[in-house]
Amino acid sequence: MYDQRTVLSDQVVDDVRRVLGDKVYTTIIPRNVRVAESPSAGKPVLLYDYRCSGSQAYIQLASEVIERERADACGVMVSMRKNSMRKVRGGASS
């Protein structure tokens with residue numbers, strides 16, 4: 001989790017993004033007391049406190065993951081269509 005009060009958190013974010021580039025999601029999960037408390041209550045943070053900043057960040061991250069997966073799936077489908085059209089037009093040999 002990211003702690004906006006520390007310079008180290010900023011340095012880690014910068015380093016990770018520099019090394020991993022676009023593999024890193026833009027959403028940052030903030031350090032949050034409600035997120036830390038939720039396991040003691042035996043609940044996921046979204047059920048423990050839906051409105052806390054940590055829950056909202058996890059929801060944003062989930063949206064980002066879904067969006068990226070959809071984009072990747074569309075790219076795969078486009079690529080598969082192009083390949084199948086090449087085979088049909090080019091008379092692929094088996």
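Descriptive notes on the structure:
- Of the residues making up region 54-73, those that are free of Cβ contacts under 8 Å to residues at least 40 places away in the same chain and in contact with a helix residue (DSSP H, G or I) (Cβ under 8 Å, 6 or more places away or on another chain) are S55, Y58, I59.
- The number of residues in region 29-42 being assigned to a loop (DSSP other than H, G, I, E, B) and surrounded by 15 or more Cβ atoms within 10 Å (Cβ to Cβ) comes to 4.
- Criterion: exposed (fewer than 12 other Cβ atoms within 10 Å of the Cβ) and modelled with pLDDT of 95 or more - qualifying residue of Q11, Q60, Q56: Q11
- The single residue among Y25, Y58 that is outside any helix (DSSP H, G or I) and aromatic (F, W, Y) turns out to be Y25.
The values are calculated or read from the model by the stated rules, or taken from the named source; none is laboratory data. Nothing here was measured: the structure is a model prediction, and the numbers come from that model. When we count neighbours, we look across all protein chains shown, and the Cβ atoms used for this are built from the backbone with ideal geometry, even at glycine.
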